[in-house]
1. Of everything in region 53-83, what is out of contact with any helix residue (DSSP H, G or I) (no Cβ under 9 Å at 6 or more places or on another chain) and within 18 Å of residue 133 (Cβ to Cβ)? Give them in sequence order.
2. List every residue pair whose Cβ atoms sit under 7 Å apart, with the two residues 6 or more apart in sequence or on different chains, where the first one lies in region 43-69 and is within 15 Å of residue 24 (Cβ to Cβ) and the second, anywhere, is open to solvent by 40 Å² or more (accessible area, probe 1.4 Å) and assigned to a helix (DSSP H, G or I).
3. It is to be established whether one or more residues within region 34-53 are part of a strand (DSSP E or B) and open to solvent by 60 Å² or more (accessible area, probe 1.4 Å).
4. Go through region 54-152 and tell me which strands (runs of 3 or more DSSP E), entirely inside it, have 1 or more residues that are open to solvent by 10 Å² or more (accessible area, probe 1.4 Å).
5. Scan region 34-45 for residues that are out of contact with any Lys or Arg (no Cβ under 9 Å at 6 or more places or on another chain) and under 16 Å from residue 107 (Cα atoms) and report the count.
6. Which condition breaks for residue 1 when tested against (1) closer than 21 Å to residue 137 by Cβ; (2) open to solvent by 30 Å² or more (accessible area, probe 1.4 Å); (3) part of a helix (DSSP H, G or I)?
Amino acid sequence: MNHDAYDNAYIAGILNSVKTIAMVGASANDVRPSYFVLKYLLGKGFSVFPINPGQAGKEILGRMTYARLADVPKPIDMVDVFRGSVAVPGIVDEVLRLDPLPKVIWMQLGVRNDEAAARAEAAGIKVVMNRCPKIEYGKLSGEIGWTGVNSGVLSSKKPLMRPGFQSFGVRQK
């Protein structure tokens, strides 16, 4: 797969299919990007499990925090990586030990590791690198246009409502 550019349908398919997200590198600090992405995803109806060994056993935004992916008590659909690119191979190793395997590994803005991505894809896991699900969700739902930003996605279709606060869902092509 070409990880330099993603088709909107690929991203929309992922965002419409996942329900549970494990956020590796979630922060309890309310000025960190992982904190407001966690808050946003929770508001859109996703079930998000923060992963942070330093915060394990504590709550972030009302969600119990776990030390490792294997500690999450439910099957994970997507692993959202808020760690540096050098940490990705170890995270992919941990993901590949899960049963069942997650559907997606999503690496945040600035995070990319092609070798680890190839290993995940060889196991049947979809991979997104150097993207933010909050930004992609806002772009594909039309929500980002509310602030006057041109998302490049036009539609005359009425948005489909998903559970969650002001959640319009992501359009499928």
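The values are calculated or read from the model by the stated rules, or taken from the named source; none is laboratory data. A quick note: this is a predicted structure, and the numbers were derived from the prediction, not measured. Cβ atoms come from the backbone with ideal geometry, glycine included; neighbour counts cover every protein chain shown. Calculation scope for accessible area: heavy atoms of the full protein, side chains included, ligands and nucleic acids excluded. Shrake-Rupley method; radii C 1.70, N 1.55, O 1.52, S 1.80 Å.
1. The one that is out of contact with any helix residue (DSSP H, G or I) (no Cβ under 9 Å at 6 or more places or on another chain) and within 18 Å of residue 133 (Cβ to Cβ): 72.
2. 48/42; 65/55; 67/53; 68/94; 69/94
3. No, the conditions are met nowhere in region 34-53.
4. Working: elements: 78-81, 104-107, 126-128.
Qualifying strands (runs of 3 or more DSSP E): 126-128.
5. The qualifying residues number 2.
6. (3)
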